[in-house]
Amino acid sequence: MRTVRVLVGTRKGAFILTSDLKREQWKVEGPHFAGWEIFHIKGSPVDPNRIYVSQSSSWSGQVIQVSTDGGKTFEPAGNEFIYEGETGTHQWYDGKPHPWEFKRVWHLEPSLTDPDTVYAGVEDAALFKSTDAGRTWKELAGLRQHGTGSAWQPGAGGLGLHTMLLDPKNPGRMYIAISAAGAFRSDDDGASWRPINKGLQSKYIPDPNAEVGHCVHRIALHPSNPEVLFMQKHWDVLRSDNGGELWQRVSGNLPTDFGFVIDVHAHEPETIYVVPIKSDAEHFPLDGQLKVYRSKTGGNEWEALTNGLPQENCFVNVLREAMDVDDCESCGVYFGTTGGQVYASNNSGDSWNAIVRDLPAVLSVEVQTC
Amino acid sequence: MLMVRVELPTHLRILAKIPGEVQLEMEGEPTQLSLLNALEARYPSLKGTIRDHVTKQRRPFMRFFACEEDLSNNWPEDPLPPEVVSGKEVFLIVGAIAGGL
């Protein structure tokens, strides 16, 4: 019987939620890796039972765990992330050069074609690749060394490479995003990179149209139309119709366009979802009302989705990795909050249920249909 | 052959699947450095969790105690206390008291 599996990373462990395709009754397993921060847990699209986990703590640093049985068991893999060549510097908060220092893995992106190949986006921002199921890691140094790296400055949460998208139609093309450097694209399997931030405007940096320095929170694409990208920036929701060459603002009638997550419907490439957050200083929904906004026109025209979501006294945040969709016939949409709820919709967002409550703060949500 | 006893914090025992105290066979004049080398050789998943992969420096929030002394800032190549070398006392690897999130 096919199942839907929701992989949840939290501040204090990982949880695995499973259901049949109706997505009405959920079984909750966990915490796995109790007490550790799980920044990201994601399964391979080639082999859903291959699951990669980023496990870290202030005490004991970074660990990578791998499951080959769908999350029943895990084994530690390699955790040696060594920057290639001369380490160099990026900008620190005071504007002075600061040496690159590895802190943690924010994002794991399994290959679209090989279950043993996985990418790791790390803080301080860099991209690593493993071709042996996480046992060894090698930096794709063309990103950090392409020329603007010395100008990158951390956002409030650190200089994290938090988003990676693999283009399913153009082998070798990949996108990443870094807070607070911006979005970057490679067309040669990660060997060389360039910024793709034209059209972004950020009032919080000296040159609002700078090549780098933008705090991109998340980018998303639909596999059937990967030339089109959607972005939730610090402020502003944007889209690009040409692989990031140029961005245009599509915030439209959103009540606030600050936020972290953005995602695309599984079957409708122009249907997108965001969760507006009040402001960069107040990381909670407007008026204490948790609302997902959906656009069926690829932006600009947005509708609030509230059925089943708390509409009073709700002051949680939804972090950048904490939304995903499933590919069931009626698309499921999922997101986790810093209050420990995971909300799910089995009807494209028309109505929502909390499928689990009171977990530690949710850092990431990934969904598998297996 | 010497038998040095080592106790790890719970989160590292779970990571390395160690049920209780570790007993390490060591030769010569054991040091903190040789003890950690031997520990990581037996339990590779501990690499990088107690000390840095490259510099071999202790991670900031890990501590080394033995014989009611804090040995955290000793030179890595200093000999271990005789009571640890003889197996009378345990070498404690401890997560520092830290609040955090």
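Key figures for this structure:
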{"item": "Length-normalised contact order of chain B in % [C-alpha pairs under 8 Å, at least 6 apart]", "result": "36"}
{"item": "Theoretical gain in end-to-end length, residue A:303 to residue A:27 [0.36 nm per residue, Cα-Cα removed]", "result": "96.2 nm"}
{"item": "Sites residue B:88 and residue A:189, calculated FRET efficiency, Cβ-Cβ separation with R0 60 Å, nearest 0.05", "result": "0.55"}
{"item": "In the B-A interface, the accessible area buried, summed over both sides, Å² (probe 1.4 Å)", "result": "1300"}
{"item": "Solvent-accessible area, 1.4 Å probe, carbon plus sulfur percent, for chain A", "result": "47"}
{"item": "Given A:42/A:103; B:47/B:88; A:233/B:47; A:129/A:291; A:27/A:129; A:96/A:233, the pairs whose alpha carbons are separated by over 29 Å", "result": "A:233/B:47; A:129/A:291; A:27/A:129"}
{"item": "MRE, 222 nm, helices only [DSSP H, n ≥ 4, -39500 (n - 2.57), over chain B, to nearest 500]", "result": "-5500 deg cm²/dmol"}
{"item": "Estimated distance in nm for a label pair at residue A:248 and residue A:350, the labels positioned 7 Å out from Cα along Cα-to-Cβ", "result": "3.1"}
{"item": "Residues listed by number, the stretch A:237-280, amide nitrogen under 12 Å from residue A:224 label point at 7 Å toward C-beta", "result": "A:265-271"}
{"item": "Per residue convex hull volume, Cα atoms of the stretch A:175-317, in Å³", "result": "106"}
{"item": "Inverse of mean 1/r across different Cα pairs in the stretch A:323-370, Kirkwood, Å", "result": "10.8"}
{"item": "Calculated FRET efficiency for the pair residue A:289/residue A:330, C-beta based, R₀ 25 Å, to 0.05", "result": "0.50"}
{"item": "Calculated log₁₀ intensity ratio I(q)/I(0) where the Debye formula runs over C-alpha points of the stretch A:1-60, q = 0.12, 0.22, 0.26, 0.27 Å⁻¹", "result": "-0.32, -0.88, -1.06, -1.10"}
{"item": "Percentage relative contact order, chain A, counting C-alpha pairs under 8 Å, at least six apart", "result": "12"}
{"item": "Compactness of the stretch A:96-168 as Cα Rg over 2.2 N^0.38 Å, two decimals", "result": "1.14"}
{"item": "Directionally averaged projected area (convex hull, Cα atoms, the protein assembly as shown), nm²", "result": "22.6"}
{"item": "Normalised contact order of the stretch A:223-271, rounded percent, pairs of Cα under 8 Å and 6 or more residues apart", "result": "33"}
{"item": "Probe 1.4 Å, accessible area per residue of the stretch B:27-93, Å²", "result": "56"}
{"item": "Chain-alone versus full-assembly comparison, the stretch A:58-72, residues with accessible loss of at least 50 Å² (1.4 Å probe)", "result": "A:59, A:60"}
{"item": "The stretch A:216-370, accessible area per residue, ligands and nucleic acids excluded (1.4 Å, Å²)", "result": "34"}
{"item": "Distance (nanometres) between label positions extended 7 Å along Cα→Cβ at residue A:75 and residue A:296", "result": "4.9"}
{"item": "Paramagnetic reach from residue A:150 (point 7 Å along Cα→Cβ, amide N under 13 Å) across the stretch A:108-129", "result": "none"}
{"item": "Threshold 20 Å² - residues in the stretch B:38-54 whose accessible area is reduced by that much or more when the chain is no longer isolated, probe 1.4 Å", "result": "B:45, B:49, B:53, B:54"}
{"item": "Sites residue A:205 and residue A:268 - FRET efficiency at Förster radius 56 Å, r taken between beta-carbons, to 0.05", "result": "0.95"}
{"item": "Extension gain, residue A:2 back to residue A:313 (0.36 nm per residue minus Cα-Cα distance, nm)", "result": "108.2 nm"}
{"item": "Between helix B:32-42 and chain B: long-axis angle, C-alpha atoms, 0 to 90°, nearest 10", "result": "70"}
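The values are calculated or read from the model by the stated rules, or taken from the named source; none is laboratory data. On a predicted model such as this, the values are computed, not experimentally measured, just so you know. All Cβ positions, even for glycine, are placed from backbone atoms using ideal geometry, and neighbour counts span all protein chains on display. Protein only, heavy atoms only, side chains kept; ligands, DNA and RNA dropped before computing areas. Shrake-Rupley method; radii C 1.70, N 1.55, O 1.52, S 1.80 Å.
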